[in-house]
Structure formats: C-alpha cells, structure tokens
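Step one of this worksheet: look at the structure below.
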Amino acid sequence: MTIALSHLAQSVRSQLPNLKVIAITGSQGKTTTKDLLQHLLSAVGESVANEASLNNELGVPLTLLRCNKNTKFCVVEMGARHRGDIAHLMEIAAPDVGLVLVVGKAHIGEFGSQEEIAETKAELIAGLADTSVAVLGTYDRFTPHMADGRAMKVISFGEKSSCLVRAADIELREGRAHFDLVTPEGRQAVGLQLLGMHQVANALGAAAAATALGISLETISAALSTAEVASKWRMALMQEDELLLINDSYNANPESMAAALRTLVLLAQERGGATWAILGKMHELGESSIEEHQSIGRLASDIGVDHLVSVGTRDFLSAEGDGEMVQHYFSDIASAVEITTHFSAGDVVLVKASRAEGFEVLAEQIMSAWKASE
C-alpha cells in the first residue's frame, strides 16, 4: 500500500511544477517549526502541511496528495527510525527547500550514536537538487556542514553573528521570547506567542526557510509574532485559579527536557511560586538511558527546581538527594495525581514525558484534582 501511495504522491508532485515544497527534519522542533512555517506561508498563499506529526512513509505522501493546482506551498516534516528513511521521503517530495534544525540525541537507542543520527538527517540535504536551497541550523557540530561540497545555496540560521538569518537582543517576557529578527533584508522586532527560549531556534528555522522562498522580512516577522501553539501538548499552558501547568507531554528527549525545565524555572521566577517538574520516561535512548535520565535530574537541581516528581522510573532521582530540591516518586500516573495535595497557589508545574507514557492524561487529572480542591 505504501509503495503505491508513494508512486501516486510522486505523480501528483510532478504535475504541480509551480508548487514549492519545503522539507523539514531535526532531532527536535520539527513539528513546531512546521506549524510556524505553514502559518507564515498561509499569509502569502494557500499552503498544506502534515497533519499533527505524520512524518513517515505514510504521512508524507498523504500530505502531498492534499495539494492541487491552487496550492502554493507544501511543508513536509520528515522523521526517521532507520538510515534511508529520509532519503526515501526526499524521492517522493522533491523539495525546493530543505531545512535541518538540529542533531540531538532523540532516538539514539535506534541509531546507536549521534553520528549515525547526523548521517540520517543529512539525507535530507543529500536528496536536494543543486538548484534547491539548504537551510541549516548552527546549534550542533554536524548540521552546519551538511551541504559542504555542494553547489546549492545555503542559508544558515541561529544566534551567531555569522548566520544569514539570526536573532539579536533576545529577552524573555512572561516566558515568551522577544528578539530582533535579522535577515539580509534588514532587522525587525518579533514577539513570540510560544512558550520557552528554545522556541527562538524553531522560529529562526521557519524564518530562514521563508527567506529562501523570497518572503519579505515584514511578512515573516508579523506572522511569527501572531503564531500560536498549533499542535497539542507542546508547551501548552493550562491555568486553574492560581495554579499554572505547562503541558509538554507530547514527547521528550534530553534536549527538549532541558529546555522545558529552564522554561519552568523562568516562569516561576516571574510568578514567585514553587516549581514542580513532573517527569516520566524518555524512550529510545539505548545504553545511555540511565545516564541521560540522571543528567536531567542533576540539571533540575542545578537550575533551582524545587520539586522533582519522577513517575514510572527512579532514574531521574539521586540516591544521595540533590541539594535543596525535594525528590518524589510515584509508580504510575494514577498514584501521581496525589502530588496535587502539596501544591500551593502561585506554583508552576511542568508535565513532560515521551509520547508512550500518556502524560497528557496526567496533566488533565492534575488540573481536575486542583480545581476540586479549591
């Protein structure tokens, strides 16, 4: 079925020569960047993008099959579990712009090393024609070099002064990033509606891809400043009376865990309440799993998290305790809801784990229990 679907999608793509296809990959931030870019491009013309994060050999063809002669842009997020997955998707989509955000540790259990992950992500750039544009993040040691030796145009993005598209004068206001977006066209203020400093990289990726398509700086900055969370359970704020909960339960890896913890602490500093990091397992980390979980536990202590609540695993917890941070353990979601009885008005709670842990249920149950206690 998927082979026939792929051939059909290729046929549709070949019949739409004016359609601009943008492919996105990376260890984290793919779906948020995809959503930002589609929002941005919709201000210019009809656009299509993957539903949710359907980014595999089924989702990418289905996305292309939604395009027609009126579609101006198609944004396709590409994921991978094995070498060759992205190369196959590139053959189907034939993108005009290829965007690689970052190479991190997500799925390292599947690939074995970060180098293998980088090789897989690089299939996106390898699959581009020389007439296409490579858009490359500068947040790791692999991504900036993925187009080395190629004749194609390259647009770099990040926070370094050498980046073609960059963010300057970044500051957080109520947990949301404000910065000046700098492109070859000039400089324009952007105020993100999305929560967390890590959203700057996602916004810059979308801005750089839009720049590759010739979209004006004014249009880009205006769209980024109005874009809201489009996909469920990604740094979504839930509030009930005086309790604020960050529902980031869609997925988790070491890099996204660290970013979410830093956002938790920054929000609590503004509100003055205690911080509660309710964390579940990070999957697919292979032999480094225990080490990565322990590292997140240490980070939570180092940056000043008040309470670390580990659910379904003790790997986040230190046997000796971690400074002033209070550690809690619950075996499952059902028992973890009890932690709500320890919350106080003004507290900030983070709920985060890998998708398979189902922590969106825990987030809802916590808010319901808090409401019932008031």
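Computed from the coordinates by the stated procedures, all read-outs in this text should not be read as laboratory data. In this text the structure is predicted, and so the values were computed from the model without any measurement. In this analysis, Cβ positions are derived from the backbone assuming ideal geometry, glycine residues included, and neighbour counts consider all displayed protein chains.
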statement: The number of Lys pairs in the chain whose alpha carbons lie under 15 Å apart, excluding pairs fewer than 8 residues apart on one chain, is 11
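For the chain, calculate the relative contact order in percent as a whole number, restricting contacts to Cα pairs under 8 Å that are 6 or more residues apart. Walk me through the numbers before you get to the answer.
Details: 824 pairs, mean separation 52.1, N = 374.
RCO, the chain: 14 percent.
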task: Could you calculate the contour length gain from M152 to R81, that is, 0.36 nm times the residue separation minus the distance between their Cα atoms, to one decimal place in nm?
output: 22.8 nm
For the stretch 5-69 versus the stretch 175-241, the gap between their alpha-carbon centres in whole angstrom: 20 Å
task: Report the label-to-label distance for Q10 and E287 in nanometres (one decimal), using points 7 Å from each Cα along the Cα→Cβ vector.
output: 3.8 nm
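Give the percent of DSSP beta bridges with both residues in the chain that are antiparallel, rounded to the nearest 5. If you can, show how the numbers build up before the last one.
Details: 19 of 60 bridges.
DSSP beta bridges in the chain are roughly 30 percent antiparallel.
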query: Could you give the distance between the Cα centres of the stretch 96-149 and the stretch 285-300, to the whole Å?
result: 24 Å
message: Taking only the Cα atoms of the stretch 55-151, how large is their convex hull per residue, in Å³?
response: 94 Å³
query: Taking the simple approach of a point 7 Å from Cα along Cα-to-Cβ for both A43 and A230, what is their distance in nm?
result: 1.3 nm
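So, R0 is 25 Å and r is the distance between the beta-carbons of N70 and Q193; what FRET efficiency does that work out to, to 0.05? It would help to have the intermediate numbers written out before the result.
Working: r = 29 Å, r/R0 = 1.14.
It comes to 0.30.
Fully extended, how many nm does the chain gain between A345 and A222 (0.36 nm per residue separation, minus their Cα-Cα distance)?
Result: 40.7 nm gained on full extension.
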field: Selection from T71, S368, S27, by position along the positive dipole direction of the chain (Cβ)
entry: T71
task: Would you calculate the separation in nanometres between label points at A258 and Y329, each defined as 7 Å from the Cα along the Cα-to-beta-carbon direction?
output: 2.6 nm
message: Treating the chain as a set of equal point scatterers at the Cα positions, no solvent, please give the Debye-formula log₁₀ I(q)/I(0) at q = 0.08, 0.09, 0.11 Å⁻¹.
response: -0.41, -0.52, -0.77
25 Å tail of the calculated P(r), the stretch 271-374, as % of Cα pairs: 16 percent
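Between D180 and L58, take the C-beta separation as r, use R0 = 41 Å, and let me know the FRET efficiency to the nearest 0.05.
Values: r = 40 Å, r/R0 = 0.98.
Once rounded, the FRET efficiency stands at 0.55.
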